[in-house]
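Chemist: One structure follows; several queries about it will come next.
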Amino acid sequence: MPTDPRPVGIFDSGIGGLTVLTAIRQALPAERLLYFGDNLHMPYGARSLDEVRAFSVAITEALLAKGCKLVVIACNTASAAALAEVRRLWPDVPFVGMEPAVKPAVEQTASGVVGVIATSATFQSDLYASVVERFAQGVEVLHQPCPGLVKQIEAGEFDTPATEDMLHGWLDPMLARGIDALVLGCTHYPIIRPLIERIVGPGVRVIDPAPAVARQTSRLLNEHGLANELAEDAPMEIHTSGDPAAFAAIMRRMGLADAEVSGARWAEGVLTLT
Ligand code: DGL
């Protein structure tokens with residue numbers, strides 16, 4: 001049995017990728033996980049794809065310098081901006097990225113109308129265009145950017161009247177057009193899934209691709225002979241380029257109480273995990 005104790009690297013602009021980390025931890029309890037949240041530059045969704053690509057390449061460099069054997073881009077925006085580029089730069093490293101789960105939404109719709117919520121940058125990407133082109137198959141796919149929602153979630157406003165108002169503004173028009181599936185196309189959004197589900201009601205299926213991403217991570221680790229099969233409940237290492245104490249506090253609110261959070265430093269475009 002191959003056993004490789006090196007960590008799986010995971011990154012996002014902030015706490016959003018922790019929804020993916022949670023799914024990976026459930027699926028692969030023996031894997032050590034090394035997480036980086038780039039809170040200094042959050043939100044990514046309001047930035048240009050070029051800028052997000054440069055951050056993502058530097059983050060990948062830092063995760064590989066820490067010995068990561070596989071990298072999960074647990075951010076739709078960064079995946080849209082940089083997945084092709086990091087695969088080109090590191091052809092021997094397996095990468096897992098996020099893409100809006102249009103395919104399962106299209107497979108499940110009865111009304112023939114599905115909704116996608118994501119960041120503006122994600123909707124501007126070629127990756128999003130190609131997902132719709134490949135999978136829409138005659139189904140109407142409505143897309144709705146949610147500017148300001150990521151910051152709201154990072155501020156801990158998981159279920160407040162202000163967040164609810166914002167969501168009504170974006171979701172009510174899609175509901176009026178008859179969606180019966182809603183794709184969460186940003187890894188921050190599953191954090192407020194209960195609120196989203198309350199607003200859309202039981203007639204709309206809410207789709208989070210995190211479990212599928214965890215399965216893909218497992219498949220790639222096995223395919224490359226990189227799985228760690230000995231340890232149970234392996235440790236996690238968490239870093240943020242923001243305030244570690246604030247990050248730890250919000251992790252506790254997400255039910256992730258057992259991790260210490262360390263810092264990270266950006267200097268002239270180079271990231272060091274400290
Ligand atoms: N969580 C990220 C995503 O999946 C990015 C959010 C942001 O920083 O705007 O798109």
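A short reminder: the numbers here are calculations on the coordinates, not readings from a lab. This structure is a prediction, so every number in the text was calculated from the model and none was measured. We place every Cβ from the backbone using ideal geometry, glycine too, and count neighbours over all the protein chains shown.
Let's see how each residue does on (1) more than 16 Å from the ligand (Cβ to nearest atom); (2) surrounded by fewer than 16 Cβ atoms within 10 Å (Cβ to Cβ); (3) at negative phi; (4) small (Gly, Ala, Ser):
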site: 63; (1), (2), (3), (4): yes, no, yes, no
site: 72; (1), (2), (3), (4): no, no, yes, no
site: 78; (1), (2), (3), (4): no, no, yes, yes
site: 99; (1), (2), (3), (4): no, no, yes, no
site: 106; (1), (2), (3), (4): yes, no, yes, no
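Chemist: Please indicate, with yes or no, whether at least one residue in segment 127-143 is β-branched (Val, Ile, Thr), buried (at least 21 other Cβ atoms within 10 Å of the Cβ) and in a helix (DSSP H, G or I).
Modeler: There is at least one residue in segment 127-143 that is β-branched (Val, Ile, Thr), buried (at least 21 other Cβ atoms within 10 Å of the Cβ) and in a helix (DSSP H, G or I).
Chemist: Of all residues in segment 218-245, how many are free of Cβ contacts under 8 Å to residues at least 60 places away in the same chain and of a type in the set (A, V, I, L, M)?
Modeler: The number of residues fulfilling the criteria is 1.
Chemist: Within the set of pairs 6+ apart or on separate chains, which have a first residue in segment 189-204 that is over 16 Å from residue 174 (Cβ atoms), a second that is of a type in the set (D, E, K, R), and C-beta atoms under 6 Å apart?
Modeler: From segment 189-204, the pairs are 190/208.
Chemist: Within segment 47-54, identify whether any single residue is free of Cβ contacts under 8 Å to residues at least 40 places away in the same chain and surrounded by 16 or more Cβ atoms within 10 Å (Cβ to Cβ), and answer yes or no. Give the derivation first.
Modeler: First, pick out the residues of segment 47-54 that are free of Cβ contacts under 8 Å to residues at least 40 places away in the same chain: 50-51, 53.
Now drop any that are not surrounded by 16 or more Cβ atoms within 10 Å (Cβ to Cβ), which leaves 53.
Within segment 47-54, one or more residues are free of Cβ contacts under 8 Å to residues at least 40 places away in the same chain and surrounded by 16 or more Cβ atoms within 10 Å (Cβ to Cβ).
Chemist: Another one. Counting just the residues of segment 108-125 that are assigned to a loop (DSSP other than H, G, I, E, B) and surrounded by 15 or more Cβ atoms within 10 Å (Cβ to Cβ), which one comes out nearest to the ligand (Cβ to nearest atom)? Steps first, answer last, please.
Modeler: Of the residues in segment 108-125, the ones assigned to a loop (DSSP other than H, G, I, E, B) are 109-112, 119, 125.
Filter once more, keeping what is surrounded by 15 or more Cβ atoms within 10 Å (Cβ to Cβ): 109, 119, 125.
On the way: 109: 23, 119: 5, 125: 10 Å.
Out of the qualifying residues, it is 119.
Conditions tested, residue by residue: (1) assigned to a helix (DSSP H, G or I); (2) hydrophobic (A, V, I, L, M, F, W, C).
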position	(1), (2)
203	no, no
206	no, yes
211	yes, no
215	yes, no
219	yes, no
222	yes, no
227	no, yes
232	no, no
237	no, no
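Chemist: Also, quick follow-up: What's the total number of residues in segment 14-38 that are more than 9 Å from the ligand (Cβ to nearest atom) and not in a helix (DSSP H, G or I)?
Modeler: 10
Chemist: Taking the options 191, 179, name whichever one is surrounded by 18 or more Cβ atoms within 10 Å (Cβ to Cβ), within 16 Å of the ligand (Cβ to nearest atom) and either among the β-branched types (Val, Ile, Thr) or farther than 27 Å from residue 78 by Cβ (or both).
Modeler: Numbers: 179 fails: within 16 Å of the ligand (Cβ to nearest atom).
191 is the lone residue from the list that is surrounded by 18 or more Cβ atoms within 10 Å (Cβ to Cβ), within 16 Å of the ligand (Cβ to nearest atom) and either among the β-branched types (Val, Ile, Thr) or farther than 27 Å from residue 78 by Cβ (or both).
Chemist: Still on this structure, I have one more. Output the number of residues of segment 230-247 satisfying the condition of being closer than 13 Å to residue 28 by Cβ and buried (at least 17 other Cβ atoms within 10 Å of the Cβ).
Modeler: 2
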